[in-house]
Number of protein chains: 2
Amino acid sequence: MSYELYYWPGIQGRGEFIRLALEQAGAEYIDVAREPKHGGMKAMLRLLEDETAVQQPFAPPFLRDGEQVIAQTGAILLYLGSRLGLAPEDETGRLWTHQLELTAIDFLDEIHDTHHPIAGSLYYEDQKPEAAQRAGDFREQRLPKYLDYFEAVLAANPDGDAHLVGATLSYADLTLFQLQAGLRYAFPKAMQRIGADYPLSAALHDRVAKLPRIAAYLASDRRLPFCEDGIFRHYPELDG
Amino acid sequence: MSYELYYWPGIQGRGEFIRLALEQAGAEYIDVAREPKHGGMKAMLRLLEDETAVQQPFAPPFLRDGEQVIAQTGAILLYLGSRLGLAPEDETGRLWTHQLELTAIDFLDEIHDTHHPIAGSLYYEDQKPEAAQRAGDFREQRLPKYLDYFEAVLAANPDGDAHLVGATLSYADLTLFQLQAGLRYAFPKAMQRIGADYPLSAALHDRVAKLPRIAAYLASDRRLPFCEDGIFRHYPELDG
């Protein structure tokens, strides 16, 4: 049976971290909200808004696998990791991969808040001065702090610096690829300025992009483009 | 062997969610950074700043259990849940408890950002107008959205509305207790205004507070008070 992924259509967003794992594993899945013949947005909203449902999700993305519905990007990848062969089998390794994913998601939240520091319910245009302030702090403090961390994790991996965890690809590597790609899109100047400080992360990005299934996915129309409705937004005034 | 908890001394913060689980389980633990004889802050910073360490944490809290070091509040509770008898034993139940915890942590992040919308590296006093804006949106939109969600989860629990998961106490219940307590401290007016809409969550708070081990903990000096250095801060100008 196919996995069913539920996420807002039109943006990569948090759903993209799930898509990359499903694509790399060659798993069958339906991207429900983007496919009207499978119910489209209506099917997603029905699941999202049913307050009487047992194990109701708080927000997309969520995944349906038969009877089970799982929300929260980190929890979905924890669930899929062992099933798709994208995480170690032992508890210590699985937990470490998950911990890295949760840290990456914290990073992602901070990336989002560079253009929405005041409220997700307002437009960027309604919080531009505040966004400029927050983005400045992000570029100077938070961006290098997170990038330093993931670079150090690669360098310290006893199984080699080609992967975050162990000697084979994990969903955490796919996530770091997506973070690198998104940051280069959103903050090209900042990443140009400091990118050379992160050779292991850059090399991982390039290797992931060339994995046959990922390369095919990136070239397909299943891969949505980065855009200014997503999490990674290129606003030149926030870059520098 | 005792668990070792590492977290900033002086505030409840994210460490409190771990402490509540350890206390309720009657587990032996050392709150390392608060106990100079166990190494204090120095011991914490040594683990935090060692970039060559395998499985280095990004930030506190982190937990040491023998050789294993686990960071990220959600991952720590996932690890402890089964060991302390505070989560279901089956995968579906464990994942659902974890998913609720991750949603609670998202809520907590938004609570934090009401007083720090621009940068964690600045003081509240340097971002007061922005905080007032963000807190207004939080009170009107996000606070009821999250509270609605947890109330609905309690109401939909097929094993009864006394717990978020199953028929017994889980760490997610302890987390919802702490969120309720913190919100009443930080936003007394807002919670007074809407608190009656959440009778199940309020009842859970009161029951947890009376659990013998939790009551003893709350009355001890191990329980730090809420304060304006923590995540839940009472700034009257942000309440309403």
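Buried (at least 23 other Cβ atoms within 10 Å of the Cβ) and more than 17 Å from residue B:176 (Cα to Cα) - does that describe any residue in the range B:91-106?
So far as the range B:91-106 goes, no, none of its residues is buried (at least 23 other Cβ atoms within 10 Å of the Cβ) and more than 17 Å from residue B:176 (Cα to Cα).
Could you tell me whether the range B:153-163 includes any residue that is more than 18 Å from residue B:108 (Cα to Cα), at pLDDT 95 or above, over 18 Å from the mean Cα position of the chain (by Cα) and among the acidic types (Asp, Glu)?
yes
Would you confirm whether or not the range B:122-135 contains a residue that is among the basic types (Lys, Arg), within 14 Å of another protein chain (Cβ to nearest Cβ) and in contact (Cβ under 8 Å) with a residue 12 or more places away in the chain?
Yes, the range B:122-135 has at least one match.
Take the residues in the range B:12-42 that are hydrophobic (A, V, I, L, M, F, W, C) and either under 17 Å from residue B:180 (Cα atoms) or in contact with a His (Cβ under 6 Å, 6 or more places away or on another chain) (or both), then tell me which one is surrounded by the fewest Cβ atoms within 10 Å (Cβ to Cβ).
B:30
Among the residues of the range B:103-160, write down those that are within 22 Å of residue A:142 (Cα to Cα) and of a type in the set (A, V, I, L, M).
B:105, B:108, B:111, B:118, B:119, B:122, B:131 - these are the residues of the range B:103-160 that are within 22 Å of residue A:142 (Cα to Cα) and of a type in the set (A, V, I, L, M).
Quick check on my filter: what residues within the range B:195-231 are farther than 13 Å from residue B:20 by Cα and in contact with a Leu (Cβ under 7 Å, 6 or more places away or on another chain)?
Passing the criteria: B:198, B:200, B:201, B:204, B:231.
Does residue A:58 satisfy the criteria of being more than 22 Å from residue A:169 (Cβ to Cβ), at pLDDT 95 or above, more than 16 Å from the chain's Cα centre (by Cα) and surrounded by 15 or more Cβ atoms within 10 Å (Cβ to Cβ)?
Against the criterion (more than 22 Å from residue A:169 (Cβ to Cβ), at pLDDT 95 or above, more than 16 Å from the chain's Cα centre (by Cα) and surrounded by 15 or more Cβ atoms within 10 Å (Cβ to Cβ)), residue A:58 qualifies.
Where in the range B:20-80 are the strands (runs of 3 or more DSSP E), entirely inside, with at least 1 residues that are facing another protein chain (nearest Cβ under 9 Å), of a type in the set (Val, Ile, Thr) and within 22 Å of residue A:156 (Cβ to Cβ)?
By residue number, B:68-71.
Scan the range B:170-186 and report the pairs whose first residue is crowded, with 24+ Cβ neighbours inside 10 Å and charged (D, E, K, R) and whose second residue is at pLDDT 95 or above and in a helix (DSSP H, G or I), with Cβ atoms within less than 8 Å and a gap of 6+ or a chain change.
Final answer for the pair search is B:173/B:204; B:173/B:208.
The values are calculated or read from the model by the stated rules, or taken from the named source; none is laboratory data. All values derive from a computational prediction rather than experimental measurement. Ideal geometry is used to build each Cβ from the backbone, glycine not excepted, and the neighbour counts take in all protein chains shown.
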